[in-house]
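One structure is given below, encoded as structure tokens.
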Amino acid sequence: MTIVVKKGDLTQISCDAIVNPANSYGYMGGGVAGSIKRVGGIEIEKEAISKAPIDVGKAVATSAGALPCRYVIHAPTMKRPAMKIDVENVKRATRAALETGIKLNLRTIGIPGMGTGV
């Protein structure tokens, strides 16, 4: 495994999937989720909501709409939007995102700062 740290726009990364540090309901309002929805399209949010609720420590993949990747992996760091969380939620969400990537046989995943707040 190779980890590369880059500064840039997650919605412009060419990779197999990007991660949305989501809430359990699948709503994509602000922060990273809002950016993903604005660039990729509302269908990403609709698909995420259809797979909700998603427990913290679990993750689901959706299509990526107009994004330059194949999937968006929604890995909740919180149950409700804009909740304060602790580092354990970040660990669980990150692990769930990576496990989902393995199940999908992905080679590259773009992961933003998880649990950093909007």
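The values are calculated or read from the model by the stated rules, or taken from the named source; none is laboratory data. All of these numbers come straight from a predicted model, not from anything done at the bench. A quick note on method: Cβ atoms are made from the backbone with ideal geometry, for glycine too, and the neighbour counts reach across all protein chains shown.
Any idea how many residues of the stretch 23-42 are out of contact with any helix residue (DSSP H, G or I) (no Cβ under 9 Å at 6 or more places or on another chain) and at pLDDT 95 or above? Break it down stepwise before answering.
Here is the first cut: in the stretch 23-42, the residues out of contact with any helix residue (DSSP H, G or I) (no Cβ under 9 Å at 6 or more places or on another chain) are 24, 30-31, 34, 41-42.
Going one step further and asking which of them are at pLDDT 95 or above, we end up with 24, 34, 41-42.
Total meeting the criteria: 4.
In the stretch 1-22, what count of residues is obtained for those that are at pLDDT below 95 and under 19 Å from Leu98 (Cα atoms)?
As a first pass, look at the stretch 1-22 and keep what is at pLDDT below 95: 1-8, 13-14, 22.
Those still in the list that are under 19 Å from Leu98 (Cα atoms) too: 1-6, 13-14, 22.
The qualifying residues number 9.
Out of everything in the stretch 64-103 that is free of Cβ contacts under 8 Å to residues at least 40 places away in the same chain and in contact with a helix residue (DSSP H, G or I) (Cβ under 6 Å, 6 or more places away or on another chain), what residue ends up being surrounded by the fewest Cβ atoms within 10 Å (Cβ to Cβ)?
Ala66
Taking Ala17 as meeting all but one of (1) out of contact with any Cys (no Cβ under 8 Å at 6 or more places or on another chain); (2) buried (at least 21 other Cβ atoms within 10 Å of the Cβ); (3) under 18 Å from Ala66 (Cβ atoms), write down the number of the exception.
Failing condition for Ala17: (1).
Looking at the stretch 25-59, which of its residues are in contact (Cβ under 8 Å) with a residue 40 or more places away in the chain and farther than 16 Å from Met114 by Cβ?
Tyr25, Gly26, Tyr27, Gly29
Do any residues in the stretch 1-24 that are touching a residue at least 40 places away in the same chain (Cβ under 8 Å) and within 19 Å of Gly117 (Cα to Cα) have Cβ atoms under 7 Å from those of residues that are surrounded by fewer than 21 Cβ atoms within 10 Å (Cβ to Cβ) and among the acidic types (Asp, Glu), where the two are at least six apart or on different chains, and which pairs are they?
Correct list of pairs: Ser24/Asp55.
Within the stretch 39-51, take every residue that is aliphatic (A, V, I, L, M) and more than 16 Å from Arg80 (Cβ to Cβ) and give me the one that is surrounded by the fewest Cβ atoms within 10 Å (Cβ to Cβ).
First, pick out the residues of the stretch 39-51 that are aliphatic (A, V, I, L, M): 39, 42, 44, 48-49.
From what is left, the residues that are more than 16 Å from Arg80 (Cβ to Cβ) are 39, 42, 44.
On the way: Val39: 17, Ile42: 11, Ile44: 25.
Among those residues, the one meeting the criterion is Ile42.
Which one of these is within 13 Å of the chain's Cα centre (by Cα), within 22 Å of Thr2 (Cα to Cα) and surrounded by 20 or more Cβ atoms within 10 Å (Cβ to Cβ): Ile109, Ile54, Ile36?
On the way: Ile54 fails: within 22 Å of Thr2 (Cα to Cα); Ile36 fails: within 22 Å of Thr2 (Cα to Cα).
The conditions single out Ile109.
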